[in-house]
1. Do any strands (runs of 3 or more DSSP E) lying entirely in region B:43-151 carry at least 3 residues that are surrounded by fewer than 16 Cβ atoms within 10 Å (Cβ to Cβ), and which ones are they?
2. So B:Ser163 fits all but one of (1) modelled with pLDDT of 90 or more; (2) more than 12 Å from chain A (Cβ to nearest Cβ); what number is the exception?
3. If you check A:Val122, A:Val100, A:Val162, which single one turns out to be at pLDDT below 95 and of a type in the set (Val, Ile, Thr)?
4. Pick from A:Gly77, A:Gly134, A:Gly87, A:Gly45: which is surrounded by 14 or more Cβ atoms within 10 Å (Cβ to Cβ) and either within 19 Å of A:Leu163 (Cα to Cα) or not acidic (Asp, Glu) (or both)?
5. Taking the criterion of being within 12 Å of another protein chain (Cβ to nearest Cβ), of a type in the set (Gly, Ala, Ser), surrounded by 22 or more Cβ atoms within 10 Å (Cβ to Cβ) and in contact (Cβ under 8 Å) with a residue 60 or more places away in the chain, would at least one residue in region A:172-181 satisfy it?
6. So which residues in region A:155-179 are under 17 Å from A:Leu29 (Cβ atoms) and among the small types (Gly, Ala, Ser), if there are any at all?
7. Hey, could you check region A:188-216 for residues that are touching a Leu at 6+ places or on another chain (Cβ under 9 Å) and of a type in the set (S, T, N, Q) and say which is nearest to the other protein chains (Cβ to nearest Cβ)?
8. Here are some residues: B:Val244, B:Val252. Which one is touching a residue at least 12 places away in the same chain (Cβ under 8 Å) and surrounded by fewer than 20 Cβ atoms within 10 Å (Cβ to Cβ)?
Amino acid sequence: MDLSFLQATLLTLLGGLPLTLNLTACSVLLGGAGALVLALMRTSGLVLLSGPARAYVFVFRGTPLLIQLFMVYYGLGQFRPALQELGLWSFFRDPYYCAVLAMAMNTAAYASEIIRGGVASVPPGALEAASACGMRPLMRLRRIVLPLAIRQALPAYGNELVLMAKATSLASTITLMEVTGLAGKMIAQTYRAVEIFACAGLIYLLLTFFLTRAVLLLEWRLSPRRPRRQPAPPTIRITGEPA
Amino acid sequence: MKTLILASALLLAAVSATVTVTGAAAQSKPTAITIATEGAYEPWNFTTAGGKLDGLEIDLANDLCARMAVRCTIVAQDWDGLIPALNARKFDAIMASMIVTEKRLAVIGFSEPYAPTAAAFMVEKTSPLAKLPGAGTTVDLGGDSAKVTAALAPVAAQLKGKSIGTQTATSNTAFLEKYFKDSVAVREYKTTEQHDLDLQAGRIDGVVAQKSSLTALLAKPDYQGFTLAGPTFVGDVFGKGIAVGLRKDDTVLKEMFDKAILAAKADGTIDKLAQKWLKTSLMN
């Protein structure tokens with residue numbers, strides 16, 4: 001076991017961590033916003049809205065992320081004159097934006113289904129009660145549906161978060177040097193695949209560890225408070241003389 | 001001993017390359033071998049639209065196998081996994097336009113080279129880089145260092161701030177990082193086809209690759225708007241030529257390949273293949 005090599009490897013690979021985190025955060029934030037819109041479209045009950053949402057989810061959940069990434073990067077790259085005319089080329093020229101776009105679109109599809117599940121789980125009684133109190137649909141959505149739906153969807157969404165964090169490794173295929181990209185480069189230079197991939201794996205393991213803890217914490221915060229610790233039973237002081 | 005058994009059981013022994021396999025009994029002449037290529041480096045080795053492997057190295061491999069009187073299976077494998085997989089005994093030889101370099105020699109063995117190597121830049125004709133200084137000259141990077149510096153300085157000045165694509169884990173990448181680290185942004189791709197696409201899309205300003213491969217590429221209609229630029233680079237990181245990659249302990253196989261390659265060179269087979277695939281002579 002070559003400890004100094006492992007240490008050097010770990011340090012080099014950690015250099016890719018900011019980009020990995022950046023890609024994860026941006027694609028999850030953008031994708032999350034997209035997912036919310038898609039989920040609301042899907043549950044709106046209007047064919048004009050739910051139809052496109054269904055089609056979107058069908059396409060983006062039905063094809064591999066790697067293909068989506070290549071389609072955005074190399075595929076759209078072939079339409080450079082058209083994109084230049086639209087003024088979009090400076091966006092698509094950059095592999096970083098292409099990666100964020102592809103990953104956000106992908107996670108939006110998955111997450112919208114997760115949120116839809118959460119929305120479907122809101123008890124009808126709660127909705128009726130809200131209506132009975134005189135809440136209009138938007139207020140009902142904001143005060144009743146979304147808080148309950150998001151709480152319900154959180155465990156499944158945590159899974160999606162972890163999957164996205166690991167999926168950023170695909171960005172290395174379009175020249176972005178994040179953790180996996182750096183690992184591949186180091187292996188190419190040293191041919192020591194086992195040690196380097198082990199180090200890269202360790203970094204992802206730690207990353208997902210903290211991610212899952214964060215989701216757990218959020219889950220706990222959003223749960224109706226668990227019964228607090230029973231107040232200490234009043235200590236009975238017997239003041240009188242013992243019998 | 002126990003760890004060694006465990007390691008080989010996990011197929012790690014060969015991969016980690018720190019554990020060398022020793023004590024191989026007197027090797028007998030193999031009757032069947034597997035040769036790996038990349039299958040994405042036209043015209044040296046590539047995959048046809050029908051999914052078949054073709055190219056100079058495929059023809060050459062078949063010729064060499066006939067000379068060695070062994071049955072050959074040719075397989076395709078990702079470029080950056082070729083050397084680890086060879087040492088893991090997934091196949092017996094690499095013929096993938098692989099250049100003999102010091103770094104690779106530390107991990108695997110090589111046969112006699114079957115082709116010399118030279119690298120060049122390819123850029124868009126309309127790009128300012130098309131007038132890269134030094135066109136028509138050859139810079140021997142292994143030669144007199146003062147001369148090399150003098151030849152590279154104007155090239156580096158013009159490349160300042162440009163992004164250049166190369167295939168990851170190649171001598172071309174090593175070349176850029178050693179000589180142009182301060183001037184260019186190196187963008188690394190899994191295959192040369194990918195950097196060619198990005199050059200066409202205008203995401204990068206140029207690519208560095210083997211001149212023979214670029215020359216063949218420029219003959220295609222899609223690449224009419226592109227041209228070679230600047231000097232031709234040989235020596236140093238570009239090593240001692242293209243050779244068959246072999247495991248260090250496969251001495252018998254090396255001897256067989258050496259003999260076959262020398263014979264193929266002597267009777268003009270290799271030059272004929274070069275004319276067919278590269279439209280140029282290799283023996284310059």
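The values are calculated or read from the model by the stated rules, or taken from the named source; none is laboratory data. Because the structure is a prediction, the values reported are computed rather than measured. Quick reminder, even Gly has a Cβ in these numbers, built from the backbone with ideal geometry, and neighbours come from all protein chains shown.
1. Numbers: elements: B:45-47, B:71-76, B:109-115, B:119-124, B:138-140.
Where strands (runs of 3 or more DSSP E) fall fully within region B:43-151 and carry at least 3 residues being surrounded by fewer than 16 Cβ atoms within 10 Å (Cβ to Cβ), they are B:71-76.
2. B:Ser163 satisfies every listed condition except (2).
3. Numbers: A:Val100 fails: at pLDDT below 95; A:Val162 fails: at pLDDT below 95.
Selected residue: A:Val122, the only one of A:Val122, A:Val100, A:Val162 that is at pLDDT below 95 and of a type in the set (Val, Ile, Thr).
4. Values: A:Gly134 fails: surrounded by 14 or more Cβ atoms within 10 Å (Cβ to Cβ); A:Gly87 fails: surrounded by 14 or more Cβ atoms within 10 Å (Cβ to Cβ); A:Gly45 fails: surrounded by 14 or more Cβ atoms within 10 Å (Cβ to Cβ).
Step by step, each of A:Gly77, A:Gly134, A:Gly87, A:Gly45 is checked, and only A:Gly77 is surrounded by 14 or more Cβ atoms within 10 Å (Cβ to Cβ) and either within 19 Å of A:Leu163 (Cα to Cα) or not acidic (Asp, Glu) (or both).
5. Yes, because at least one residue in region A:172-181 is within 12 Å of another protein chain (Cβ to nearest Cβ), of a type in the set (Gly, Ala, Ser), surrounded by 22 or more Cβ atoms within 10 Å (Cβ to Cβ) and in contact (Cβ under 8 Å) with a residue 60 or more places away in the chain.
6. Listed by number, the residues that qualify are A:Gly158, A:Ala165, A:Ala167, A:Ala171.
7. For region A:188-216, the residue satisfying everything is A:Thr208.
8. Details: B:Val244 fails: surrounded by fewer than 20 Cβ atoms within 10 Å (Cβ to Cβ).
Answer to the selection: B:Val252.
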